[in-house]
Amino acid sequence: MAGSTLRMLVYEPLTEGKLVERKEGQTGTTRTRAPVSVTLLAVVATFTMSGVMHELVIWHATGTATMEWLGFFTLHGFAVAGEQVLTKVWRKCMVGRNPFPPAVSWVCTMVFLLASAEWLFFPPCTRSGLDKEVINSIQAALL
């Protein structure tokens, strides 16, 4: 649900050009796809907006916003955009072949995700005690 909301409110308006006012007499474009630069910008903007929303959640839960979650999600936006660029370049140079086997891609993704989460995502939770509160709430609900 959150992903589709972000896609509808951030990604699609950027890629479809709905956020930019058209000049008088200018109708829709003949292009069916947004330029790569616009698509990459939309990816980063979508992840950044997700970070803003996560910061609001942690601020509501703890009373403080550290901007670490904003950094986490923005970093992941740049990582996804970078992955898209590298994949396109690789496929162009290597005639359509995927850069890595799926298992290697999965391991690289998990290492990046866990390392960046350890650096930016988990610290606000542990500093505020939110992690213990969530665990206690889950235990109380299950027992």
Requested in this report: Return the distance in nm (one decimal) between the two label points of a simple spin-label model at residue 2 and residue 57, each offset 7 Å from Cα along Cα→Cβ.
Outcome: 0.2 nm
Requested in this report: Evaluate 2.2 N^0.38 Å with N set to the residue count of the chain, then give the Cα radius of gyration divided by it.
Outcome: 1.34
Query - Cα long-axis angle, helix 36-62 against the chain (0 to 90 degrees, to the nearest 10) - result: 20 degrees
Report task. For the chain, find the longest principal axis of its Cα atoms and tell me its angle to the long axis of helix 102-116, 0 to 90°, nearest 10. Result -> 60 degrees
Query raised in the report: Most mobile of 106, 69, 59 per a Gaussian network model of the chain (Cα springs, under 10 Å)?
Result: 106
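All of the numbers you see were taken from the coordinates with simple rules; none came from a lab. Keep in mind that what you see is a predicted model, and the values were worked out from it rather than measured. In this analysis, Cβ positions are derived from the backbone assuming ideal geometry, glycine residues included, and neighbour counts consider all displayed protein chains.
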